[in-house]
Each structure stands twice: as C-alpha cells, then as structure tokens.
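Working notes, structure below.
Nothing in this text is a laboratory measurement; each read-out follows from the coordinates by a stated rule. Because the structure is a prediction, the values reported are computed rather than measured. Note: ideal-geometry Cβ built from the backbone for every residue, glycine included; neighbour counts use all protein chains shown.
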C-alpha cells in the first residue's frame, strides 16, 4: 500500500478523484433507469444487483467495523471525503463490479471496458486512502455475487 502512496501526483490524484466520483452511485442509478426502458431483463438485473450489493455491503460494514486506512494510520492521508467511517467492504467497488458482471451476461462486448472502469474505481479507492486492498477485493467479490444472483433471479422470472 505504501508504494501506492509514493506515486501520488496532482494529475493522477485528479484522475483518481474522477474515477471515485464515477463509483458514487448516481451513474449506476442512471444506467438502471435507462436499461429498464431499453431492455427490461437487463434493467431488472442491474437494479437487483445494485440493491443487493448495497444492502450486503451496508450490513458487512456494520458487522466488521473496520476503520478506514487514514483513520487507523497517521502516515496515510485521505484525498477524498469518505461516505462513512468504515472501509470493509468497498461499496464503490461492489457497485462497479456488480454492473460489470451484469453486462457480461447481457452485453458481453461491453464487459472488458466495464471491468477496466470498475478496476480503476477500485484502485482509486486505495489510492485516495479510503480502503485497504482487501476491502476492494471483497467489494469485487460482493459485486460478482450480487450480479450472479440477480441475473439468475431475472432468468427465473422469464419476462
């Protein structure tokens, strides 16, 4: 983690803040609404995955109560405003990977660019001092599981 903090530069920090903003949730909400209008199954899967990962990551944060790196370590400065005190798992990462893996099922050609964006969002959370690497790994797994369950549920509905 310390290696990441050694590469901090103004332009890179601005880019990482932008990537974190992409993961704030408003983009995923707009995508959910758009896909509900265009492809009901994809829209439902995106909506279910978003809600499922949100609920699960909020519960897990309350269970683990792991403080953010900049709170626990005086030598780590935060470069963004955290949404709450706890870091495990990363909600930004969970949301980004949930959307990416729903795209894998419904729109496979878009999956690789979506995973690149999700990975940049995940890295930005570490770079900005908001999360430990294990937080973003757990967020990625949570996003994958949310997408998998949501796609399965939508296929069961058979709309």
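Applying 0.36 nm per residue to the separation of residue 30 and residue 153 and subtracting their alpha-carbon distance, the gain on full extension is 42.1 nm.
Using C-alpha pairs below 8 Å separated by at least 6 residues, the relative contact order for the range 19-140 is 32 percent. With a ≥ b ≥ c the root eigenvalues of the C-alpha gyration tensor of the range 5-64, is it rounded (a/c under 1.5), prolate (a/b larger than b/c) or oblate? Here the range 5-64 falls in the oblate category. With both labels modelled 7 Å from their Cα along Cα-to-Cβ, the residue 10 to residue 37 distance reads 4.0 nm. Per residue of the chain, the DSSP helices (runs of n ≥ 4 H) give a summed -39500 (n - 2.57) that works out to -24000 deg cm²/dmol at 222 nm. What's the angle, to the nearest 10 degrees (0 to 90), between helix 111-127's Cα axis and the longest principal axis of the chain? That works out to roughly 30 degrees. Principal-axis analysis of the Cα atoms of the chain puts helix 10-22 at an angle of about 30° to the longest axis. Rounded to the nearest 10 degrees, the inclination of helix 91-106 to the longest alpha-carbon principal axis of the chain is 30 degrees. The range 28-60 and the range 106-159 have Cα centres separated by 12 Å. Over the chain, the fraction of Cα-Cα pairs per 10 Å bin, rounded to whole percents and listed from the shortest bin up, is 12, 41, 31, 14, 3, 0.
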